[in-house]
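Taken together, the values in this text are just the output of simple stated rules run on the coordinates, not laboratory data. Here the structure is a predicted model, which is why all the values come from computation and not from measurement. All Cβ positions, glycine included, derive from the backbone under ideal geometry; neighbour counts span all protein chains shown.
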Amino acid sequence: MSTAKISVDRVSKTFKSGAGQTVLAVDDVSFEVADREFVTLVGPSGCGKSTLLELIGGLTAPTTGRLTLDGIPITGPGLDRGIVFQQYALLPWRTAAANVELGLEVAGLPKRERVERARAVLSLVGLDQFRDRYPHELSGGMRQRVAIARSLAYEPKVLLMDEPYAALDAQTRELLQGELLTIWERTKATVVFITHGIEEAIYLGQRVIVMTSRPGRIKATIPIELDDRRGSGDIRSTAKFTSYRHELWELLHHEVRKEVAPVG
Amino acid sequence: MVDTAEKSAVRAASTPAALSPAPTVPESPPVGAKLGRLIRTVAWRSAAVLIFLAIWQFAPTLGWADRTFLTPFSEVIRALWELAVSGELWEDVSISLIRSLSGFFIAISVGVPLGLLIAWYRGVANFLNPLLTIFLNTAAVALLPVFVLILGIDETSKIAIIAYACVWPVLYNTISGARNVDPLLIKSVQSLGVKGPKLFQKVILPAALPTIFTGIRLAGAASILILITTELVGAKAGLGYLISSSQYNFQIPQMYAGIVTVAAIGVGFNALLVYLERRVSHGR
């Protein structure tokens with residue numbers, strides 16, 4: 001208990017839908033994430049994964065339950081947690097470097113330090129050459145790297161990622177997954193990574209949390225033991241990886257069917 | 001309707017650059033061919049205007065139209081030149097520009113901050129929106145008698161009604177620009193610890209700028225329209241006065257010279273605003 005970095009304790013969240021009905025998005029979810037752990041959350045679309053991430057990010061408040069970071073209740077967004085969204089969400093009128101500097105600027109860092117830090121994180125994501133490019137001049141993968149660099153800029157202890165690679169093509173996605181593991185090792189951050197991709201969840205996570213379809217509950221937690229993920233071999237086709245894949249597929253298959261099948 | 005016309009104007013203004021020979025063409029054609037193509041493009045783009053001017057010139061000279069009422073274009077240009085040389089034209093132009101630009105800038109300095117303020121309070125924006133729609137779509141000229149009644153017939157009432165007509169498109173577009181900023185953009189920036197006035201300054205205002213500029217451009221068109229209307233109705237100087245007094249004194253070439261000047265100012269002003277709009281919309 002005392003080693004938990006993030007603790008989600010019996011958290012539920014209901015929304016008012018457009019039609020005025022209340023929708024239960026997250027239902028009595030509890031889990032913990034250890035310091036420097038890499039946890040992936042996988043579930044069918046619309047299962048409340050993103051809501052859960054926003055709750056940890058402090059962008060919304062839970063209806064019931066408690067969320068803590070280092071034992072301190074989460075009451076709002078903070079620079080101790082960086083969030084990366086699927087749609088990059090970069091400011092189109094700012095260059096890559098200026099986008100990265102935004103948070104630092106508002107935090108009141110002197111210009112020289114800002115520039116230095118932006119340079120450092122952009123080179124960490126391999127974009128030193130593209131500092132002065134505008135988002136529209138960059139590919140999807142590069143934009144997402146800028147977004148990651150932006151959230152790394154003030155060295156958050158926790159990185160929250162909401163399907164960051166879902167809009168990328170398969171090759172770029174695998175490349176960025178590998179890079180992310182390197183970044184994770186270098187920055188020693190705690191990562192909560194949301195995805196609907198089974199392979200992505202296994203490849204990245206030390207632990208995979210499987211969620212049910214709406215309302216989102218935790219269905220299973222599977223520890224992943226893979227040695228040397230970033231070795232030269234094709235780890236995704238090893239027997240171990242395949243068996244994890246099958247296990248998760250079985251768990252999710254049922255949930256997806258429930259979501260898609262007509263009621264009654 | 002206006003919007004579509006404006007947009008096609010933007011496109012027309014932006015295409016010459018796009019049509020000029022691209023440097024990335026693998027086998028670049030000889031300079032002569034490039035020049036030929038450029039000339040053809042320019043000729044095609046100015047053809048309609050030239051044909052129009054030719055008809056204007058030849059319809060009265062060939063007797064297709066009554067020369068007394070439709071002065072040939074060449075004589076209009078001569079009248080324009082005489083007005084310019086005598087200094088009379090400049091006097092009217094400067095008076096008109098002062099009126100319309102005063103109203104225009106008053107409208108921007110009121111409309112943009114007020115619009116941002118209203119957009120900040122979502123409830124207020126929803127509350128005021130129907131009323132704004134009414135004002136936006138009520139022809140400002142219809143209120144001219146009211147302005148004259150209250151403010152008299154001098155400069156104050158003219159500038160006031162121009163400002164009044166210009167403020168609605170600016171206000172309306174500022175509110176909608178500020179309210180329609182991508183929520184994800186706001187959310188992601190909030191996660192970086194940006195909030196309150198900083199959020200406004202760093203994100204909402206720059207994100208809304210292209211939409212605000214659309215309002216400013218519409219206001220620019222309105223400022224000229226209302227200016228001329230007020231000057232036609234009651235003024236002792238200005239381009240509208242030049243047009244109406246020339247007609248009254250049967251100085252038809254001078255009347256057309258005034259009209260041509262109004263057209264030139266309108267086109268020039270719009271081109272300037274379109275240019276500025278493209279600058280602020282950089283990369284979007």
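Decide, for region A:174-219, between rounded, prolate and oblate: order the square roots of the alpha carbon gyration tensor eigenvalues as a ≥ b ≥ c, take rounded if a/c falls under 1.5, and otherwise choose prolate if a/b is larger than b/c, else oblate. It is prolate, given that a/c is not under 1.5 and a/b is the larger ratio.
First select every other residue whose beta carbon is under 12 angstrom from the beta carbon of A:GLY65; then total the charges, Lys and Arg +1, Asp and Glu -1. Intermediate results must be reported in sequence, preceding the final value.
Working: positive: A:ARG10, A:LYS13, A:ARG66; negative: A:ASP9, A:ASP27, A:ASP28.
Counting the neighbours of A:GLY65, the net charge comes to 0.
Taken over the protein assembly as shown, the convex hull of the Cα atoms encloses 243 Å³ per residue.
Which of the aspartates and glutamates could a cross-linker bridge to A:LYS16, judged by Cα under 16 Å and excluding same-chain residues fewer than eight apart? In chain and number order, the partners are A:ASP27.
Averaged over the residues of A:78-85, the number of partner chain Cβ atoms lying within 10 Å of the residue Cβ comes to 3. I'd like the distance separating the alpha-carbon centroids of region B:224-253 and region A:155-221, in whole Å. Cα centres, region B:224-253 to region A:155-221: 70 Å. Restricting the calculation to Cα atoms, chain A shows an Rg/Rh of 0.97 when the hydrodynamic-style radius is the Kirkwood one.
Looking at region A:116-218, what % of the alpha carbon pairs are farther apart than 16 Å? Cα-Cα pairs of region A:116-218 separated by over 16 Å account for 59 percent.
Assuming charge only on the beta carbon of Lys and Arg (+1) and of Asp and Glu (-1), the dipole of the protein assembly as shown about its Cα centre is about 300 debye to the nearest 20. The residues B:ILE162, B:ILE118, B:ILE228, when put in order of fewest to most other Cβ atoms within 10 Å, stand as B:ILE118, B:ILE228, B:ILE162. Can you give the percent of C-alpha pairs in chain B whose distance is more than 33 Å? Here the long-distance tail beyond 33 Å is 40 percent of all Cα pairs in chain B. Straight-line cross-link reach from B:LYS202 at under 17 Å between alpha-carbon atoms covers these lysines, not counting any fewer than eight positions away in the same chain: A:LYS111, B:LYS187. Other residues with beta-carbon under 15 Å from the beta-carbon of A:LEU127 carry, at +1 per Lys or Arg and -1 per Asp or Glu, a net charge of +3. Under a model in which nothing but the beta-carbon of Lys, Arg (+1) and Asp, Glu (-1) is charged, chain B shows a dipole of about 1300 debye around its Cα centre.
Taking each residue in A:56-67, count the Cβ atoms of any other chain within 10 Å of its Cβ, then average. What number comes out? Don't jump to the answer; show the numbers that get you there.
On the way: counts 0, 4, 2, 4, 1, 0, 0, 0, 0, 0, 0, 0.
Partner Cβ neighbours, averaged per residue: 1.
Straight-distance candidates among the lysines for linking to A:LYS219, with alpha-carbon spacing under 20 Å and chain neighbours fewer than 8 residues away dropped: A:LYS13, A:LYS49, A:LYS258.
Per residue of chain B, what 222 nm ellipticity follows from adding -39500 (n - 2.57) for every DSSP H run with n ≥ 4, rounded to the nearest 500? Let's see the in-between values first.
Numbers: 12 runs with 225 residues, N = 284.
It lands at -27000 deg cm²/dmol.
Here, region B:29-70 has an Rg and a Dmax of 16.4, 52 Å when only alpha carbons are counted. Each stretch of four or more DSSP H residues adds -39500 (n - 2.57); spread over every residue of chain A, this sum gives -11500 deg cm²/dmol at 222 nm.
Which Cα, out of B:LEU171, B:VAL124, B:PRO72, lies furthest along the positive dipole direction of chain B (beta carbon charges, K/R +1, D/E -1)? It is B:VAL124, whose Cα lies furthest towards the positive end. Note the angle between two axes, namely the Cα long axis of helix A:170-187 and the longest principal axis of the Cα atoms of chain A, as a number of degrees from 0 to 90, rounded to the nearest 10. Orientation of helix A:170-187: about 70 degrees from the principal axis.
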